[in-house]
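These notes are about the structure you will find just below.
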Amino acid sequence: MAQKSVLLLGSTGSVGTSTLSVIDNLPEELKITALAGGRQWEKMLEQTLRYSPEAVSLSDPSAAAKLESALQRRQLVKQPRVYAGKTGLVSMV
């Protein structure tokens with residue numbers, strides 16, 4: 001079976017973190033390709049480092065800037081694209 005790509009909205013909230021737990025149990029079937037959240041940039045950083053999505057979005061532009069800065073300091077092999085605000089979320093989707 002082909003692996004399905006998942007774009008998870010609200011990944012930093014309680015329902016989102018529960019959804020990630022389900023995805024953890026289905027690694028051969030589901031892959032996180034994008035994550036979106038509100039303003040919890042530290043939690044999004046943890047999720048980004050764990051799931052290596054292609055893109056992430058935070059609705060709070062200030063939080064998105066902090067996330068982007070923290071990711072750049074990590075010197076990842078492949079940096080995810082960071083989107084900010086409502087227009088950023090729409091662009092990501």
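Here are the numbers for the structure shown:
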| item | result |
| --- | --- |
| Per-region count, the range 1-16, residues open to solvent by less than 90 Å² (accessible area, probe 1.4 Å) and part of a loop (DSSP other than H, G, I, E, B) | 5 |
| Members of the range 71-93 found to be surrounded by fewer than 16 Cβ atoms within 10 Å (Cβ to Cβ) and assigned to a helix (DSSP H, G or I), listed by number | 72, 73, 74, 85, 86, 87, 90, 91 |
| Subset tally (residues that are within 15 Å of residue 46 (Cα to Cα) and modelled with pLDDT under 95) for the range 68-86 | 6 |
| Residue selected from the range 17-50 under the condition aliphatic (A, V, I, L, M), out of contact with any strand residue (DSSP E or B) (no Cβ under 8 Å at 6 or more places or on another chain) and closer than 24 Å to residue 74 by Cα, by the criterion surrounded by the fewest Cβ atoms within 10 Å (Cβ to Cβ) | 49 |
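The values are calculated or read from the model by the stated rules, or taken from the named source; none is laboratory data. What you see is a predicted model; the values in this text were computed from it and never measured. So basically every Cβ, Gly included, is an ideal-geometry build from the backbone, and we count neighbours across all protein chains shown. Heavy atoms of the whole protein, side chains included, go into the accessibility calculation; ligands, DNA and RNA do not. Shrake-Rupley method; radii C 1.70, N 1.55, O 1.52, S 1.80 Å.
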